[in-house]
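Report on one structure; see the data block that follows.
The values are calculated or read from the model by the stated rules, or taken from the named source; none is laboratory data. Here the structure is a predicted model, which means the values were calculated and not measured. Here the Cβ is made from the backbone with ideal geometry for all residues, glycine too, and neighbour counts use every protein chain on show.
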Amino acid sequence: MEKLSIKRWAEEDRPREKMLQKGVAALSDAELLAILIGSGTASESAVQLSQRILHSAGNNLNALGKLTVKDLTAGFKGIGTAKAVTIQAALELGKRRGASDIYQRSRIQSSRDAFQLLHPLLCDLPHEELWIILTNQAGKVIAKQKISQGGTTETTADLRLIMKAAIQSLASGIVLCHNHPSGNTNPSQQDDLLTGRVRKAAKLMDISLLDHIIIADNCYYSYADEGRAE
């Protein structure tokens, strides 16, 4: 049987035509996803397939972004490798656009500022990564850099790399940031030890440790907010 291609729908029901007539904001998440995958199967349209994919992720785009190519191809008839890669690429572009816009106007004045800057880069990862944000005396972001990548429960941190990056950038402040794929924002004993080590090393160079942020999904823990950064 022939697949239900978007081209075979009535014109007013086609997501592409709807976007051209009414603007991209008029489309639902499922319709946008349907444009990406292009066609459904013999038994369901591209929009219906997209609705089912979104439903499996709780209609949450952040959760959708955590699905791997294998998850998509194995879990949904009509989604092959090419379509799965297209979905992932589109979601990644959205994340990068958001991160780029925030970076261009970034000034770290609160833990929320640091969270918003790195959340797009860390929220969907199945493994831990440690990043740093470097600021000047006015709190303006002058650099952000990935320091290390680990497994699902921890990542290593090279103190020398952190301090080298700060010194080379002539930074006045450092914000540590890493993610917890488990969804639990509570800091571990290793997180506490890292915070203390960086604080002491930075102080020797007259650099301030401004905060250590732990990101888990859409939540975060801030050492500064809890009075534990100094």
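Restricting region 110-121 to residues that are polar (S, T, N, Q) and under 15 Å from Y223 (Cβ atoms) leaves a set whose member that is surrounded by the fewest Cβ atoms within 10 Å (Cβ to Cβ) is S110. Among the residues examined, I87 qualifies as at pLDDT 90 or above and within 27 Å of L49 (Cα to Cα).
Taking residues in region 202-230 that are in the same structural domain as T185 (by TED's automatic domain parsing) and under 14 Å from L134 (Cβ atoms), and partners anywhere that are surrounded by fewer than 14 Cβ atoms within 10 Å (Cβ to Cβ) and among the aliphatic types (A, V, I, L, M), the pairs with Cβ atoms closer than 7 Å and at least 6 places apart or on different chains are M205/I167.
This table checks each residue for (1) in contact with a helix residue (DSSP H, G or I) (Cβ under 8 Å, 6 or more places away or on another chain); (2) hydroxyl-bearing (S, T, Y); (3) modelled with pLDDT of 90 or more; (4) under 19 Å from A82 (Cβ atoms).
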residue	(1), (2), (3), (4)
E12	yes, no, no, no
R16	yes, no, no, yes
L32	yes, no, yes, yes
A42	no, no, no, yes
S50	yes, yes, yes, yes
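For region 186-194, indicate whether the set of residues that are touching a residue at least 12 places away in the same chain (Cβ under 8 Å) and over 15 Å from L130 (Cβ atoms) is non-empty. Within region 186-194, one or more residues are touching a residue at least 12 places away in the same chain (Cβ under 8 Å) and over 15 Å from L130 (Cβ atoms). Among the residues of region 63-88, those identified as in a helix (DSSP H, G or I) and either more than 23 Å from D217 (Cβ to Cβ) or out of contact with any helix residue (DSSP H, G or I) (no Cβ under 9 Å at 6 or more places or on another chain) (or both) are T73, A74, T81, A82, K83, V85, T86. The set of residues from region 122-165 being assigned to a loop (DSSP other than H, G, I, E, B), buried (at least 17 other Cβ atoms within 10 Å of the Cβ) and hydroxyl-bearing (S, T, Y) comprises just one member, T155. Candidates are the residues of region 207-225 that are of a type outside the set (A, V, I, L, M, F, W, C) and at pLDDT below 95; the one that is surrounded by the fewest Cβ atoms within 10 Å (Cβ to Cβ) is N218.
If you check Q137 against the conditions, is it in contact with a strand residue (DSSP E or B) (Cβ under 6 Å, 6 or more places away or on another chain) and at pLDDT below 95?
Details: in contact with a strand residue (DSSP E or B) (Cβ under 6 Å, 6 or more places away or on another chain): no; at pLDDT below 95: yes.
No.
Give me a count of the residues in region 164-184 that are among the hydroxyl-bearing types (S, T, Y) and modelled with pLDDT of 95 or more.
Residues of region 164-184 among the hydroxyl-bearing types (S, T, Y): 169, 172, 182.
From what's left, modelled with pLDDT of 95 or more: 172.
Residues that pass the stated criteria total 1.
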